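J.: Have a look at this one.
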Amino acid sequence: MNTETHRQLAGLIWQICNLLRGPYKRNEYRKVILPLTVLRRFDCLLAPTKAQALATFNEFKGKPESIIRSKMQAATGYEFYNLSKLEFAPSKKGSNSLLDDPSNLAPNLNSYINGFSPNVRAIMERFAFDQQIAKMAEKNLLFKVVQAFAGFDLSFPEMPPDQAAMHMGYVFEELIRIGAEQSNEEAGEHFTPREVIKLMVNLLLSPEQDLRRSHVVKTIYDPACGTGGMLSVAEKYIRELNSEAKPLLYGQDWNDEAWAVCRSDMLIKGENADNIAQGDTFTKDAHARDEQGQKITFDYMLANPPFGVEWKQQQRHIEHEKDNLGYEGRFGAGTPRINDGALLFLQHMISKMRGPSDGGSRIGIVFNGSPLFTGDAGSGESEIRRWIIENDWLEAVVALSEQHFYNTGISTYIWVLTNRKEAHRKGKVQLIDARNHWVQMEKSLGNKRRRIGDPSDDKPKDPDHIGDITALHGEFHDGASRWVLFDRDGKVVTVTTAAPAGDLPEGQTWKPLIVSKVFDNEDFGYHKITVERPLRLNFHATSERIARLEDETAFRNLAGSARKDEAARLIDIAAGEKRQEAIRQLLAEFARRHPEMIKDRKVFLTALKPIDRELGVRLAAAELKTVINALGERDETAEICRDKEGQPEPDTELRDTENVPLKESIQAYFEREVLPHVQDAWIDHGKTKVGYEIPLNRHFYRYEPPRELSIIEGEIKALEEDIVRLLKEVTA
């Protein structure tokens, strides 16, 4: 059994789920399989030093906890230990197997778990495994399940310790994958498809030249690590490239079960599990400072933060940090809208980049489409994009097809960032369109119906999409293209670098599509200008317009009162009604003297003023405004309304905005695109804002001309003939 591949062994372990059928649903199997795999692995590792460990504990019992922990770790050779006399091993002479007392298996198993060191006990608490023990005992499943696990020797004695640890790590990661896929209705919250992770890691690490250096040490961090998939794949990539390399893994997650799985994986592989923290990354950053108080930074960072999840619970903490620390904190560039905190994760990661003089950092993160373009100029999202792009940190964005993730069918995008771009990439951003690089899944897993082709992942017939996308990124060619084969329904059949040859099945079509474009940083920026046009009003004191006065809020409020005293309130109302009547009489008299339409506001006010004084009304500013609103109408043939300085007043209803590319002169754009259509327009420069967006879909849009009418007509006639034939068969 120990010579089986990790996938075969994981498959054998997962077969224990057959014992759980009935009381457990498929999406609950992992709650039993993962904790018991952890316990069995640890039991196998600790078995050879069991007696020595117990003797060591008896010798130092009563000493400070730190001394006991140090002595016990020295006795076992691992970062964990167990003080229970019980063993997980199969029942045999001279052992204290849990299986020796089936009637008390549940309390004995809980006692055995409580005998572990605090780091393992914390994992089991987050697994809430005591609940599963109680459930299995109640359903008479516990003995059979424990017995099945006891049959596996997970120590792999024929392998060197380091190799055995890595092998067990692969087994456990395969169990994580199977469990996540079987619980696919929720898997996307903490499980990223392995081929997506592999692509991210390739994009992040393939340009690195120093990974082959002897005993190179690299730190890798995931602020939303979930079950640790990204950390594990990155570690595997580095170790396969350089067996002497030492990748150090760090992460944090606030989901208890996901954290327990990730921390277990680290312990199983012999990593420092204390580097995997539990808690909210935003409000309690576990990797902010080291023991000396120095800021912690990392070589590589990867993340797949939740899509479209609001950050209202953390709002007070985040905004307090932004307002008080600015760019010295994590969120100085701004905050996105409350219903999507994805860009907060990216800012958090950027804050942990090493300085370029210290080697710099590289970041890979998965987003939905929202962070690319959501938010107008001056908004939080736009300001964050501006900060990133103007600092020349954005290296590339890779667009993936839809239906890659378990809990969402939307399209996703991989952002690659670094503060140490290669010389030829400085000031540039590469966009890669990999939306046609996918293979249909043999069986859907929730919303996941597609995968990125990877022949090395037990799918030898798959095209090497990961290799091709990585090559496109590495080549950095503006205008690089691929040949894409479509069927009659427009569905992708294959993607290839070679020009097509030979005949095609009917309905299939080859199309050359550009899949890589390179832009200057400034190409994503724009000035949002406000274009104003002058207010033009005519005035006519008709009965219809005078009646509009009654709809004006300020006019209606004249006959109101906020006083609580009833007598005083009635006095106010009476006075207000008298005032309203006076204004009505004023307008009636104005209508009698000026029945004509006046197309100049200044002339209208000049005509109104003497009548106002003659009747002793003396309109207040707010009252005059209601009169203007009631009697005035917009009229393109009227004179321009001007302020006290003689400047044109803008018409808010005609106000418009234009986005002018940063590389273009605002005045030249205005004279070319606006003035020919509206000669009286002007720019309010005080309202001009700088914005940034990444309209990837627009840059790769390809116009498809409609088919010839004769072809469509022929298809319709063919359909009509088929319908007639079918009707004849039915009525014959």
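The values are calculated or read from the model by the stated rules, or taken from the named source; none is laboratory data. Computed from a predicted model, the values in this text were never measured in an experiment. All Cβ positions, even for glycine, are placed from backbone atoms using ideal geometry, and neighbour counts span all protein chains on display.
J.: Can you tell me which of A638, A668, A630 is modelled with pLDDT of 95 or more and either among the polar types (S, T, N, Q) or not in a helix (DSSP H, G or I) (or both)?
T.: Numbers: A668 fails: either among the polar types (S, T, N, Q) or not in a helix (DSSP H, G or I) (or both); A630 fails: either among the polar types (S, T, N, Q) or not in a helix (DSSP H, G or I) (or both).
Only one candidate qualifies: A638.
J.: Additional query: For the list (1) surrounded by 20 or more Cβ atoms within 10 Å (Cβ to Cβ); (2) among the hydroxyl-bearing types (S, T, Y); (3) closer than 26 Å to S206 by Cβ, I need the number of the one condition that S382 fails.
T.: In the conditions (1) surrounded by 20 or more Cβ atoms within 10 Å (Cβ to Cβ); (2) among the hydroxyl-bearing types (S, T, Y); (3) closer than 26 Å to S206 by Cβ, S382 misses (3) alone.
J.: Then there is this: From the residues in the stretch 225-258 that are in contact with a helix residue (DSSP H, G or I) (Cβ under 6 Å, 6 or more places away or on another chain) and in a helix (DSSP H, G or I), which one is nearest to P35 (Cα to Cα)?
T.: D256
J.: Here is a list: I716, I711, I723. Which entry is of a type outside the set (S, T, Y), under 23 Å from K511 (Cα atoms) and assigned to a helix (DSSP H, G or I)?
T.: Values: I716 fails: under 23 Å from K511 (Cα atoms); I723 fails: under 23 Å from K511 (Cα atoms).
Exactly one residue qualifies, and that residue is I711.
J.: Return the total of residues in the stretch 384-421 being in a loop (DSSP other than H, G, I, E, B), more than 26 Å from L513 (Cβ to Cβ) and of a type outside the set (S, T, N, Q). Give the steps one after another, and end with the answer.
T.: Filtering the stretch 384-421 for residues in a loop (DSSP other than H, G, I, E, B) gives 391-393, 401-412, 419-421.
Imposing the further condition that a residue be more than 26 Å from L513 (Cβ to Cβ) reduces the set to 391-393, 406-407, 419-421.
Right, trim to of a type outside the set (S, T, N, Q) and you get 392-393, 406, 420-421.
Summing the residues that are in a loop (DSSP other than H, G, I, E, B), more than 26 Å from L513 (Cβ to Cβ) and of a type outside the set (S, T, N, Q) in the stretch 384-421 gives 5.
J.: Can I ask one more? Could you look through the stretch 680-707, keep only residues that are more than 35 Å from the chain's Cα centre (by Cα) and among the aliphatic types (A, V, I, L, M), and pick out the one that is farthest from P371 (Cα to Cα)?
T.: A681
J.: Please name all residue pairs, on different chains or six or more residues apart, with Cβ atoms under 9 Å, provided the first residue is in the stretch 438-454 and is farther than 22 Å from F486 by Cβ and the second residue is hydrophobic (A, V, I, L, M, F, W, C) and surrounded by fewer than 16 Cβ atoms within 10 Å (Cβ to Cβ).
T.: That search, which allows pairs on different chains as well, returns N447/I410; K448/M441.
J.: When you scan the stretch 585-600, do you find a residue that is under 22 Å from E544 (Cβ atoms), surrounded by 12 or more Cβ atoms within 10 Å (Cβ to Cβ), under 58 Å from the mean Cα position of the chain (by Cα) and not aliphatic (A, V, I, L, M), even just one?
T.: Checked against the condition, which is being under 22 Å from E544 (Cβ atoms), surrounded by 12 or more Cβ atoms within 10 Å (Cβ to Cβ), under 58 Å from the mean Cα position of the chain (by Cα) and not aliphatic (A, V, I, L, M), the stretch 585-600 yields at least one hit.
J.: Oh, and also: Residues being in contact (Cβ under 8 Å) with a residue 60 or more places away in the chain and farther than 24 Å from W483 by Cβ: count how many of those fall in the stretch 419-434.
T.: Kept after step one, since they are in contact (Cβ under 8 Å) with a residue 60 or more places away in the chain, are these residues of the stretch 419-434: 419-420, 422, 427-434.
Within this subset, residues satisfying the condition of being farther than 24 Å from W483 by Cβ are 419-420, 422, 427-429.
Summing the residues that are in contact (Cβ under 8 Å) with a residue 60 or more places away in the chain and farther than 24 Å from W483 by Cβ in the stretch 419-434 gives 6.
J.: Among the residues of the stretch 293-316, count how many are touching a Phe, Trp or Tyr at 6+ places or on another chain (Cβ under 7 Å), part of a strand (DSSP E or B) and either farther than 30 Å from K246 by Cβ or of a type outside the set (F, W, Y) (or both).
T.: Final tally of qualifying residues: 2.
J.: Residues being farther than 16 Å from V416 by Cα, assigned to a helix (DSSP H, G or I) and not hydrophobic (A, V, I, L, M, F, W, C): count how many of those fall in the stretch 325-348.
T.: Adding up the residues that qualify gives 3.
So that you can scan it fast, the table gives a plain yes or no per residue for (1) surrounded by 15 or more Cβ atoms within 10 Å (Cβ to Cβ); (2) within 29 Å of the chain's Cα centre (by Cα); (3) touching a residue at least 24 places away in the same chain (Cβ under 8 Å):
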| position | (1), (2), (3) |
| --- | --- |
| G474 | no, yes, yes |
| D478 | no, yes, yes |
| W483 | yes, no, yes |
| F486 | yes, no, yes |
| D489 | no, no, no |
| T497 | no, no, yes |
| G502 | no, no, no |
| W510 | yes, no, yes |
| V515 | yes, yes, yes |
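J.: Can you tell me which residues in the stretch 441-468 are assigned to a loop (DSSP other than H, G, I, E, B) and among the hydroxyl-bearing types (S, T, Y)? Before you say what the answer is, go through the steps one by one.
T.: Taking the stretch 441-468 as the starting set, the residues that turn out to be assigned to a loop (DSSP other than H, G, I, E, B) are 446-447, 452-464.
Across the stretch 441-468, the qualifying residue is only S456.
J.: Turning to a different aspect of this structure: Under 7 Å between Cβ atoms, at least 6 apart or on separate chains: pull out the pairs that start in the stretch 265-281 with a residue that is closer than 14 Å to E79 by Cβ and end on any residue that is among the charged types (D, E, K, R) and assigned to a loop (DSSP other than H, G, I, E, B).
T.: L267/E79; A273/E79
J.: Also: Just checking, does the stretch 202-220 include any residue being closer than 29 Å to A128 by Cβ and either touching an Asp or Glu at 6+ places or on another chain (Cβ under 8 Å) or buried (at least 19 other Cβ atoms within 10 Å of the Cβ) (or both)?
T.: Checked the stretch 202-220: at least one residue is closer than 29 Å to A128 by Cβ and either touching an Asp or Glu at 6+ places or on another chain (Cβ under 8 Å) or buried (at least 19 other Cβ atoms within 10 Å of the Cβ) (or both).
J.: I would also like to ask the following. What tally of residues in the stretch 354-383 results from selecting those that are in a helix (DSSP H, G or I) and over 23 Å from G474 (Cα atoms)? Show your work before the answer.
T.: To start, the set of residues in the stretch 354-383 that are in a helix (DSSP H, G or I) comprises 356-358, 370-373, 380-383.
Restricting the remaining residues to those that are over 23 Å from G474 (Cα atoms) gives 357-358, 370-371, 373, 380-383.
Matching residues across the stretch 354-383 total 9.
J.: Enumerate the helices (runs of 4 or more DSSP H) found wholly within the stretch 45-156, keeping only those where 1 or more residues are over 30 Å from T5 (Cα atoms) and more than 40 Å from the chain's Cα centre (by Cα).
T.: Details: elements: 50-60, 65-76, 105-114, 118-127, 129-138, 142-150.
Hits in the stretch 45-156: 50-60, 65-76, 105-114, 129-138.
J.: Residues to consider are I683, I712; find the one that is outside the structural domain of Q430 (by TED's automatic domain parsing), modelled with pLDDT under 95 and surrounded by 10 or more Cβ atoms within 10 Å (Cβ to Cβ).
T.: Working: I683 fails: modelled with pLDDT under 95.
The conditions single out I712.
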